[in-house]
1. Of Ala372, Val155, Val320, which is farthest along the charge dipole of the chain in the positive direction, counting Lys and Arg as +1 and Asp and Glu as -1 at C-beta?
2. Packing-wise, with mean Cβ within 10 Å as the measure, how do 60-73, 210-223 rank, highest first?
3. What accessible area per residue, rounded to a whole number of Å², is obtained for the range 321-401 using a probe radius of 1.4 Å?
4. Could you give the length gained by full extension between Ser187 and Ala238, i.e. 0.36 nm per residue of separation minus their alpha carbon distance, to one decimal place?
5. Over the Cα atoms of the range 128-196, each weighted equally, I'd like the Debye log10 I(q)/I(0) at q = 0.13, 0.23, 0.25, 0.28 Å⁻¹, rounded to two decimals.
6. Quick check for me: using +1 on Lys/Arg Cβ and -1 on Asp/Glu Cβ, what's the dipole size of the chain about its Cα centre, in debye to the nearest 20?
7. Please give the charge dipole size of the range 170-273, origin at the Cα centre, charges +1 on K and R Cβ atoms and -1 on D and E Cβ atoms. Round to the nearest 20 debye.
8. For the range 11-90, which whole-number percentage of the solvent-accessible area (1.4 Å probe, protein heavy atoms only) is attributable to carbon and sulfur atoms?
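The values are calculated or read from the model by the stated rules, or taken from the named source; none is laboratory data. Please read these numbers as outputs of a predicted model, since none were measured by experiment. FYI the Cβ positions are ideal-geometry reconstructions off the backbone, even for glycines, and counts take in every protein chain you see. What goes into the accessible areas is simple: the full protein's heavy atoms, side chains included, and nothing from ligands, DNA or RNA. Shrake-Rupley method; radii C 1.70, N 1.55, O 1.52, S 1.80 Å.
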Amino acid sequence: MARSSLTHADRLAGTLIEGAMGAHHRRRLRNLGHAASYDPPADGRLWAAGDPPPHAGNALDVLIDGAQALPEIAAAIRGARRHVHIAGWSITPHFAVARDEPPMPLRELLAEAAERVPVRVLMWAGAPPHTFAPDRRAVRRARDELMYGTKIRAVCDSRSRAMHCHHEKLVIVDDEVAFVGGIDLTSLGGDRYDTNGHPARGRLGWHDVATRLRGPAVADVAAHFGARWSEVAHEPVATPPAGHAPAPAGELEVQVVRTVPERQYDFVRNGDFRILEAYVRALRSAQHLIYLENQFLWSPEVVDLLTDKLRRPPSDDFRVVVMLPARPNNGADDTRGQLSLLTDADAGQQRFLATTIRARTGDTTDPVYVHAKVGIVDDRWLTLGSANLNAHSFFNDSEVNVVTCDPGLARDTRLRLWAAHLERDIDEVAGDSSLVVDGLWRPTATEQRERRHRGERLTHGLVELQGVSRRSERLLGPLQALLVDG
């Protein structure tokens, strides 16, 4: 009885704190003129309202894991004819972007390009000393090392809210191609170069996703970088003027959405919060499947929508599958608490499944850090970028995502990810999504979770994640989020 009362009080307190935070963010966005980003109208639209709008005529390539993305980024930089622009959360000069023989460090790759074209690198200035990495001293060292003896121009952007950062990951070449995604060009916290198979290598593996964008929507990514650079470096950057966007490169309609907190830049004084709006619109619309890969699942705004769907499923075949790291670098208590709420909302109907992946080679297994930021709804809506599912990314850090409503690309991306995670061929996961979740995802993940619990060798890399942590239960996560994001 005492235990049950404590659990009830714990959950009630956590829910009250999250409710207060949600009310705060709702008021904040309303006062800034962005009320519709927090609570979009029920107009059936999947695109975020406002500027920039979706543009037709694009090509969008989904690059899964570093072994696919990093060589393409390196090749684009090597082929630059006019300029290279990079914005990042953490940038390490000696990170090997190309893994040829010998590997090519980022500094050398950019230095070679800078002999031909302007190379501009916009770095987050770093955290205050003795808080978290990268701190400001480390960032300044990296900036100086990038520029020393080269023609690279690198500046540190300190225009961020306290305890927050510039989290976007952008590479723009000639304003013709833009890489937008979750992959940082850094060795901080682990090697971003990993393959879809995630072999065990005696170190932390790294699952991530990036996109290569070509076509008119590149102009929106370029304009965002140019506006930030111009204010921080006090140096104008020529970007494609309105009406002179890059030529069509494909058949996709793509929208660039971002988070920019208020009062950080003159070019968007009241901020921009349309990544949240994009997610809210898509999750509300879900009828059959929500598939999320993310580093964090903290956001009450997202979890509330998911719980509503699970309590009142829109169809018999409705399923929610999330892929998360087993041990996120922070906020594990918040994520586990939210998983517990979702499990309770599911009420034993087995519509919800939370998973992670582990690297596996023979009898050797290593953790894989899930850093991807992917959202897929009903195989008709897809977003990828730098935004996590938390208040940092929706309200307080700078972020950039791309969104498309192309069913072919959404389904193809899901099948590629599912084939890799389930260690199957694509045709084995291409059937009805609910049958694949029930027949492959759940039994595989549950079996591996039970094997780990018994201390037995894993026979597959997919492992089920469960809810509330033993240490904190429900309350600690919201308390941590309140201190940072309140």
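1. Of the options given, the answer is Val155.
2. Put in order of decreasing packing, that is 210-223, 60-73.
3. Here the per-residue accessible area is 25 Å².
4. So the extension gain works out to 15.2 nm.
5. Reported log10 I(q)/I(0), two decimals: -0.50, -1.36, -1.39, -1.38.
6. Magnitude of the dipole: close to 1220 debye.
7. With Lys and Arg at +1 and Asp and Glu at -1, about 340 debye.
8. Values: 1940 of 3360 Å².
Answer for the range 11-90: carbon and sulfur cover 58 percent of the accessible area.
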